[in-house]
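First the structure, in the form of structure tokens, and then the observations on it.
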Amino acid sequence: MNKQELIKKLEDIEWEDFEVKEAKSEVPKNSWETVSAFSNTAGGWLVFGVKKEGKEYTILGVSNPEKVEQDFIGVLRNGQKFNKKLEVKCKKYNFDSKTVLAFYIPVAESKPIFYDNPKNTFIRTGSGDQRATYEELNALFRDSAFGTKDKETTKFKLKDLDKETLDRFRNYIKNLDSANPYGDLSEAELFEKLRVTIDGKVTIAGLLMFGNEDSIGKVFSDFMIDYLEIRGTSYSDAPERYTYRMPLQKNLYNYFFSIFERLLTRIDIPFKTKGAFRDENQPQVLAIREALVNLLAHSDYFGTMKPRVRVFSDRLEFMNPGSLPATVEVLRKQELTLPRNPILIKIFRILKLAENAGYGFDKMFNGWKSYYKIEPIVENEITFYKIEFPLKTKWDNVPDNVPDNVPDKRREDILAMIKSNNKVAISEISSQLKANEKTIKRDIDILKQEGKIKRIGPQTGGRGHWEVFK
């Protein structure tokens with residue numbers, strides 16, 4: 001952050017990655033909350049020597065910048081106050097005779113980050129620091145064991161898994177390729193090789209993928225993947241709560257094929273041939289298959305939230321318990337592979353249902369956009385992440401005689417309304433433009449993706465506002 005960027009932040013109202021403290025002669029005690037929040041969320045700048053009153057910033061300066069800098073960095077590095085040693089970057093800025101200190105707090109690779117005790121774990125919401133809830137704290141602790149939970153062993157043996165599913169799996173890989181190196185292994189050798197068992201004990205991954213109701217139920221008392229089809233764009237405009245809910249399945253293997261079969265009926269698959277046969281491996285099909293594998297292989301099965309799929313009339317939603325380990329931009333780099341459950345993703349790769357050990361965002365984004373003309377939308381929080389796929393090549397169910405530029409015109413109107421009132425509610429926009437709220441939310445998501453607007457603070461309750469970029 002250079003001086004001009006700092007000035008720009010001070011001229012604006014609120015930033016999620018920017019916090020100021022007066023710090024005239026010493027490190028403010030509430031700085032530790034912000035350090036924890038930035039470390040646990042997405043990183044950010046903590047600035048000393050600036051006073052904030054309402055929406056106004058005043059530069060006061062730090063009277064002894066060298067001491068304050070050393071005191072602050074010393075606490076973060078000595079490993080006594082915080083549960084982990086933290087490295088930060090420091091910059092100094094001079095405004096006339098006043099010195100301002102800015103510290104960049106990066107997001108931690110291993111979370112949670114707290115001071116004194118775990119109760120002092122904070123996360124960043126909007127432009128403020130909030131104490132983590134019990135569920136958020138537990139999710140952060142589970143994330144600290146990222147990539148290790150599914151290799152933990154249970155008391156079960158291979159004989160305790162579902163025999164029918166194991167046989168289906170073995171037949172499937174044999175039919176994939178007669179030269180498959182796994183095809184000639186004995187059952188015990190095969191599942192040790194895949195780490196379904198380790199030294200004869202079934203792993204968490206093996207139990208989830210191939211277990212039966214009794215064995216899974218002894219470790220995960222309410223195991224399920226929740227799949228619903230809703231005839232509407234939301235629960236509120238649907239004539240009934242849902243038209244179909246998938247019955248409970250034995251395990252992840254059964255859930256994959258049952259859900260994928262339903263999803264194939266809900267997306268467009270134009271007739272194309274590949275050689276003499278119909279080509280059903282079209283990009284949008286592979287994108288949705290990747291999303292389903294992503295859900296099953298990367299969910300946090302130890303939390304209270306259940307993996308879920310919602311099929312609305314205008315979109316598909318995949319809700320994954322557990323947050324992403326990095327931003328979508330980072331995860332889209334194909335060389336980066338950070339699987340939450342490495343054994344599960346390996347099994348899907350053996351089945352040739354996933355091509356890499358990462359999250360497959362590039363395949364999902366590019367494949368879906370190649371047909372539906374827009375990328376999926378990803379929302380990432382502490383306890384979950386959600387991927388949303390629009391089912392229309394246009395954003396509205398508009399009549400055929402309505403010009404194609406209607407959605408574009410509506411988004412221009414939304415921008416104009418936000419510019420004139422940066423606290424305008426979605427319900428107000430919906431009422432004035434005579435479009436349902438779900439349509440307005442989708443338009444706003446597009447405007448966010450295009451970098452035209454940003455939401456500061458919560459969506460509801462009147463405490464947040466919109467920021468418009470030129």
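General remarks:
- Of the residues making up segment 323-344, one or more are modelled with pLDDT of 80 or more, within 30 Å of residue 135 (Cβ to Cβ) and more than 20 Å from the chain's Cα centre (by Cα).
- Test result for residue 159, farther than 20 Å from residue 216 by Cβ and in a helix (DSSP H, G or I): no
- In segment 427-445, residue surrounded by the fewest Cβ atoms within 10 Å (Cβ to Cβ) [restricted to those that are modelled with pLDDT under 85 and among the aliphatic types (A, V, I, L, M)]: 433
- Residue count, segment 222-243 (criterion: hydroxyl-bearing (Ser, Thr, Tyr) and either closer than 24 Å to residue 303 by Cα or in the same structural domain as residue 438 (by TED's automatic domain parsing) (or both)): 1
- Candidate set: segment 34-74, residues that are part of a helix (DSSP H, G or I) and touching a helix residue (DSSP H, G or I) at 6+ places or on another chain (Cβ under 8 Å); chosen: the one surrounded by the fewest Cβ atoms within 10 Å (Cβ to Cβ): 72
- Every residue from segment 74-97 that is touching a strand residue (DSSP E or B) at 6+ places or on another chain (Cβ under 7 Å) and under 24 Å from residue 121 (Cα atoms): 76, 81, 82, 83, 88, 89, 90
The values are calculated or read from the model by the stated rules, or taken from the named source; none is laboratory data. Everything numeric here is computed off the predicted structure, so don't read it as measured data. For neighbour counting, all protein chains shown are included, and Cβ atoms are generated from backbone atoms with ideal geometry for every residue, glycine included.
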